[in-house]
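Okay, so here's the structure we're looking at.
Any read-out appearing in this document is the output of simple, stated calculations on the displayed coordinates, not a laboratory observation. From a predicted model like this one, the values you see are computed outputs, not experimental measurements. So basically every Cβ, Gly included, is an ideal-geometry build from the backbone, and we count neighbours across all protein chains shown.
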Amino acid sequence: MGRCWVLLLAVAAGVRAAALPQIEVTGDDLVLTRSCRLVIPPGRVVADGNTNGVIQIGADGITVTFAPGAELRGAAPGARPDTLRGIGIRVDGHRNVTLQGVRIRGFFNAIVATRADGLRIEGGDFSDNYRQHLRSTPAAEDGGDWLFPHHNDEQKWRDQYG
């Protein structure tokens, strides 16, 4: 009988996951207020024009799952990493949000979360986002490349370095 319960629970979990409404990301400022599966066509670029997040979480306790192959991209592949701008996903003031299988590329900040108690990020790929162009060379180090931990009172690291 134990195996039957395990099978029943697995089937029920699969039905819940499959029942998530699908939402296609078509542009900037998508506010999500319910759990969903995000679909993003291959190659689509959605810039964050106002730097408040292409996708904004607008409710507590929701789960946002990226469909297989979905990738939120803020700039075309090959864009210089030190020119990238914007935020991929913004969570501000919402609790118990879960992000699953998230792939975000081409932004200054992939995810910015503030006052987001209970935020869970389950899997993801946040590569190819902002990277500062360093001035140091193999021949000489440049002091402008250094980070100073005592100079971060106003979140300058996030704002200056991604």
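The table below gives the values:
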quantity	calculated
Derived scalar couplings ³J(HN,Hα) [the range 21-27; Karplus, 6.51 cos²θ - 1.76 cosθ + 1.60; whole Hz; x for Gly, Pro]	x, 8, 10, 8, 7, 10, x
For residue 47, distant residues with modelled amide H under 5 Å away	none
Distance between the range 57-72 and the range 82-100 - C-alpha centres, whole angstrom	10
Local net charge near residue 97, Cβ-Cβ under 9 Å (Lys/Arg +1, Asp/Glu -1)	+1
Amide H contacts of residue 103 (H built 1.01 Å from N, under 5 Å, at least 5 apart or other chain)	72, 125
Loop-located GluC sites (Glu not before Pro) in the range 58-146, at most 15 other Cβ atoms within 10 Å (DSSP)	141
Vicinal HN-Hα couplings computed from phi for the range 126-138 (Karplus, 6.51 cos²θ - 1.76 cosθ + 1.60; Hz; Gly/Pro x)	10, 7, 6, 10, 3, 9, 5, 7, 7, 8, 5, 10, x
